[in-house]
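Written out below as structure tokens is the structure these notes cover.
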Amino acid sequence: MNSALVRALLVRGMLAGLLAAVPALLFAYFVGEGPVDAAIAFESANSHEHGEELVSRSVQSTAGLATGMLVFGVAVGGIAALAFCFALGRVGRFSARATAALTALAAFLLVYLVPTLKYPANPPAVGDPDTLARRTALFFLMIALSVLLGSAAVILGRRVAPLWGNWNASVTAGLAFTAAVAVAMVFLPSGDNIPKGFPAADLWEFRLASIGIQAVLWAGFGLAFGYLAERVLAPRPLTHRVPTPVA
């Protein structure tokens, strides 16, 4: 790809990320804010420190949530567009839409879902503030391992495909990736324990909502960017109407 084409796809990836962030924002507001409010209420009832809020809860759940979600969508959309440029034509003879869908699926699985299985998202009142930097570093380490192991699995599948066939190669790569991730999860340290008395239902709902937000975001990105990328890579030819002669 030349630089002009990559730039065009990058812009459209950021636009697709912005578009995908809108339904994810709605999902976060209507599904995710309830467990957050419950966690904040638990924290307030069990904390002896009552500091003044710099930003009100109403602003956090509306303007703050919208700003964060939209900026996040634009950022990850641009990164995913660059990954699409690298993957197109290298992972198989897939169309632009299919490659965009595979890129979105890989991003959801490798960057979010697999690391979350080891270090799940926690609402307020869960986790020691003094260990925040350590837990953040471990989560990003798990992301890096997931992406590296996923890339290695793709390379393995492509190497053995000519010998074993596409199906057997895909199964082998998937099993190798699963085994390597399982080993990494066993040896990496665990996260913080849940505080005593925290409602299990609220924790479960928060984590499900967190997964749902990412699923909606990446599904929307795959659909939107697939359409936009196809328009760039395979533009429709212009049709010229032949004027009808007047009798």
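The values are calculated or read from the model by the stated rules, or taken from the named source; none is laboratory data. Note that the structure is predicted; figures quoted are calculated from it, not measured. Note: ideal-geometry Cβ built from the backbone for every residue, glycine included; neighbour counts use all protein chains shown. Heads up: the accessible areas ignore ligands, DNA and RNA and are worked out on the full protein's heavy atoms, side chains in. Shrake-Rupley method; radii C 1.70, N 1.55, O 1.52, S 1.80 Å.
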Put TYR29, TYR112 in order of accessible area, largest first, 1.4 Å probe: what do you get?
-> TYR29, TYR112
Run the accessible area of the chain with a 1.4 Å probe and give the carbon-and-sulfur part as a rounded percent.
-> 68
Expressed in nanometres to one decimal, the distance between label points 7 Å along Cα→Cβ at VAL71 and VAL11 is 2.4
Taking the Cα atoms only, what angle lies between the long axis of helix 65-87 and the longest principal axis of the chain, rounded to 10 degrees?
-> 40
Pick from PRO120, PRO23, PRO199: which is most flexible by mean-square fluctuation in a GNM of the chain where alpha carbon atoms under 10 Å apart are linked?
-> PRO199
If you rank ILE211, ILE79, ILE143, ILE155 by how much accessible surface each has, with a 1.4 Å probe, what is the order from largest down?
-> ILE79, ILE155, ILE211, ILE143
With labels modelled as points extended 7 Å from the Cα through the Cβ direction, what inter-label distance (nm, one decimal) is found for GLN60 paired with ASN166?
-> 4.9
Expected field for LEU70, accessible surface area in Å² at 1.4 Å probe radius, rounded to 10, holds 60
Where does the chain land on Rg/Rh, using Cα atoms and the Kirkwood Rh?
-> 1.08
Enter the accessible area of LEU65 (Å², nearest 10), with the probe set to 1.4 Å and all protein chains included.
-> 30
Would you look at the GNM of the chain, springs on alpha carbons closer than 10 Å, and say which of ALA121, ALA182, ALA24 moves the most?
-> ALA182
Rounded tilt (10° steps) of 200-233 against the dominant C-alpha axis of the chain = 20
The helix 166-187 Cα axis meets the longest alpha-carbon principal axis of the chain at an angle in degrees, between 0 and 90 and rounded to 10, of 20
The chain, helix-only ellipticity at 222 nm - DSSP H runs n ≥ 4, -39,500 (n - 2.57), divided by all residues, nearest 500 = -23500 deg cm²/dmol
Heavy-atom accessible area per residue, the chain, 1.4 Å probe: how many Å²?
-> 62
Which value, in Å² rounded to 10, gives the accessible area of SER151 with a 1.4 Å probe and all protein chains present?
-> 60
